Amino acid sequence: MNFWVDNIDMEKNTNFSEKLEAALSKKRQWFDNDVLPATLDAYRLLYVCVKTINDNLVKKSIIVPDPYKLDRRISEIVIPPNDIFSDQDIPEVIGERLSTYEVMVDFVCTYYNFNTENLTVSKIKTLMDLNKTFLWEDLNTNSAHSNTRGLATAINDAKLNAPNLTVSMFNDSMEKCSTSIKTIQKNLSALAAFQRENYKGAIRREVINHPEFKKENLYSSLENEVAEIKRLFPKVMGKKPFYSDLVSEIANEDQAADKETLREKVLASLEIKDGGAKKAVKTINSKDLLMNAVATLGPISPILAQMYLKLEEDFDLLFYVKKTFFRKLMAALKKALNIPEKERVCTIPVTDQKTGSKSMQKIKVNEIMEEVDSKKRVYAGIAVHGPEYEKIASASESAIINFINKQISENQTLFTNINALDDYFKSNVEILLRPKVKGLKIDLSSYRNAIINVNKKRGEYVSLREESEQMRKLGISSNVKQI
């Protein structure tokens with residue numbers, strides 16, 4: 001009798017395991033292809049808006065700028081503190097905490113891989129803790145949350161008697177921060193729930209199916225199954241953490257009286273509510289896809305802003321001349337007579353990123369600084385869907401793709417020149433001044449990744465249009481809507 005019961009149970013376990021693996025695989029793909037890229041986009045928008053708020057509060061002297069912001073070397077997320085402070089300390093405390101928060105969100109956007117393999121339960125918890133640094137959805141001066149109360153007070157002070165444009169900028173940035181955080185928290189919560197089931201699925205796949213696992217413990221008692229998993233876990237799973245509560249859930253799903261109900265709940269939790277057949281027949285608006293590529297230019301703005309400040313200091317060091325009394329007098333006379341300063345020019349070795357060939361290139365300081373500043377301002381407008389974004393959105397698809405192609409090409413050239421300048425500064429600034437040179441490698445890494453992301457989005461649009469055109473030539477209807 002037990003033999004037949006065991007065989008029936010074994011068959012049911014096999015059927016459940018197969019259904020579980022299929023459901024996990026499908027939902028893993030959904031997170032990697034749809035949910036997590038959207039989460040990263042939300043973080044990028046959050047970063048742009050946080051930087052906008054921070055920069056404007058500093059500009060209005062409402063908060064004190066963090067003097068170490070540009071020199072930080074980040075290797076992991078550090079959660080800003082939330083201990084109580086007085087209103088008199090708001091400029092210093094919020095200045096430091098908002099700056100730290102901005103740097104951490106930038107680190108997430110630049111160095112975190114948004115996929116199910118990388119975003120473990122512990123990383124998700126860290127991200128969710130970071131997200132609670134400021135309660136954007138409830139930003140008010142009466143908040144019991146210290147950081148939220150302090151930031152709300154600082155923003156209110158900045159908006160007091162400010163022009164309508166400034167007030168609108170703060171309100172828009174706060175609203176976008178709130179919207180972004182809601183999206184991020186919702187997606188991370190869903191991912192955390194999935195990772196619990198993914199962890200349990202891995203134990204079933206790697207531990208329970210292992211040749212050394214004593215199968216009789218699957219049917220003898222809950223305690224025996226948990227003990228057997230725990231015995232074999234270190235050997236099979238290595239340094240992965242052992243979560244006893246999730247292992248107990250596995251045992252209950254295998255042996256509890258209501259195991260069929262528990263299994264149904266697990267499979268139901270892995271269903272994709274918005275996916276399946278509905279998604280397959282959904283019409284794709286090619287212009288929306290193209291504007292997604294435009295939107296990815298937005299995160300480049302804060303990167304350029306940071307590099308602009310460093311370039312400004314490094315150029316000053318490169319062309320440093322000790323200001324004697326005579327030179328100060330000449331400078332004053334030139335200013336009084338409106339005589340323009342001599343254009344600062346340097347000739348640097350530049351390596352072509354594609355061919356690897358080197359050539360000497362003349363860099364005019366004013367020109368490259370104006371280019372960085374111009375792009376920074378345009379991309380900032382795109383990031384907050386301002387007039388720049390609306391103007392582009394009103395254009396034809398061919399005009400928009402030409403704009404994107406132009407931006408990618410120009411940014412690639414700008415990247416090459418700034419990368420060469422970074423090396424040039426380090427070897428050509430006077431030896432005594434070299435310790436003051438601001439390194440650009442970390443910023444350049446962020447810049448390169450941002451350009452790659454724009455190129456990727458452009459590639460998605462081009463591939464979709466090419467596929468649609470091929471289907472049209474073959475007389476097959478396409479789900480791509482072209483405008």
Exactly one condition in (1) out of contact with any Asp or Glu (no Cβ under 7 Å at 6 or more places or on another chain); (2) open to solvent by less than 90 Å² (accessible area, probe 1.4 Å); (3) at pLDDT below 90 is false for Lys438; which is it?
(1)
Those residues of region 160-171 which are open to solvent by less than 50 Å² (accessible area, probe 1.4 Å) and farther than 25 Å from Gln88 by Cα, in sequence order:
Met169
Going residue by residue through region 57-65, is there one that turns out to be open to solvent by less than 40 Å² (accessible area, probe 1.4 Å), under 27 Å from Tyr447 (Cβ atoms), free of Cβ contacts under 8 Å to residues at least 24 places away in the same chain and not hydroxyl-bearing (Ser, Thr, Tyr)?
no
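Would you mind finding the one in Ala190, Ala227, Ala144 that is open to solvent by 40 Å² or more (accessible area, probe 1.4 Å) and either in contact (Cβ under 8 Å) with a residue 60 or more places away in the chain or of a type in the set (Phe, Trp, Tyr) (or both)?
Details: Ala227 fails: either in contact (Cβ under 8 Å) with a residue 60 or more places away in the chain or of a type in the set (Phe, Trp, Tyr) (or both); Ala144 fails: either in contact (Cβ under 8 Å) with a residue 60 or more places away in the chain or of a type in the set (Phe, Trp, Tyr) (or both).
Criteria check complete, one pass: Ala190.
Can you tell me how many residues in region 81-103 are surrounded by 15 or more Cβ atoms within 10 Å (Cβ to Cβ), in contact (Cβ under 8 Å) with a residue 40 or more places away in the chain and of a type in the set (A, V, I, L, M)?
Going through region 81-103 one residue at a time, the tally reaches 4.
For region 230-340, list the helices (runs of 4 or more DSSP H) that sit wholly inside it and hold at least 1 residues that are hydrophobic (A, V, I, L, M, F, W, C), open to solvent by less than 80 Å² (accessible area, probe 1.4 Å) and modelled with pLDDT of 85 or more; which are they?
Of the helices (runs of 4 or more DSSP H) lying wholly inside region 230-340, those with at least 1 residues that are hydrophobic (A, V, I, L, M, F, W, C), open to solvent by less than 80 Å² (accessible area, probe 1.4 Å) and modelled with pLDDT of 85 or more span 244-255, 259-269, 286-295, 300-318.
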Write out, first by first residue and then by second, each pair whose Cβ atoms fall under 8 Å of each other, whose residues are 6+ apart or on separate chains, and whose first residue, in region 167-185, is among the basic types (Lys, Arg) while the second is open to solvent by less than 50 Å² (accessible area, probe 1.4 Å) and not in a helix (DSSP H, G or I).
Lys176/Val384
If a residue has to be within 19 Å of Glu367 (Cα to Cα) and either within 20 Å of the chain's Cα centre (by Cα) or of a type outside the set (Phe, Trp, Tyr) (or both) to count, how many in region 416-439 make the cut?
7
Looking across region 104-118 at residues that are at pLDDT 90 or above and within 12 Å of Ile77 (Cα to Cα), the single one that is nearest to the chain's Cα centre (by Cα) is Val108
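Any chance you could count how many residues in region 425-466 are farther than 30 Å from Phe319 by Cβ and of a type outside the set (D, E, K, R)?
Qualifying residue count, region 425-466: 10.
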Selected residue (only one of Asp106, Asp157 is of a type in the set (Asp, Glu) and open to solvent by 40 Å² or more (accessible area, probe 1.4 Å))
Asp157
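Does Gln407 satisfy being open to solvent by 20 Å² or more (accessible area, probe 1.4 Å) and under 24 Å from Ser359 (Cα atoms)?
Values: open to solvent by 20 Å² or more (accessible area, probe 1.4 Å): no; under 24 Å from Ser359 (Cα atoms): yes.
No; evaluated as a whole, the condition is false for this residue.
The values are calculated or read from the model by the stated rules, or taken from the named source; none is laboratory data. The shown structure was predicted, so the numbers you read here are calculated from the model rather than taken from an experiment. All Cβ positions, glycine included, derive from the backbone under ideal geometry; neighbour counts span all protein chains shown. Calculation scope for accessible area: heavy atoms of the full protein, side chains included, ligands and nucleic acids excluded. Shrake-Rupley method; radii C 1.70, N 1.55, O 1.52, S 1.80 Å.
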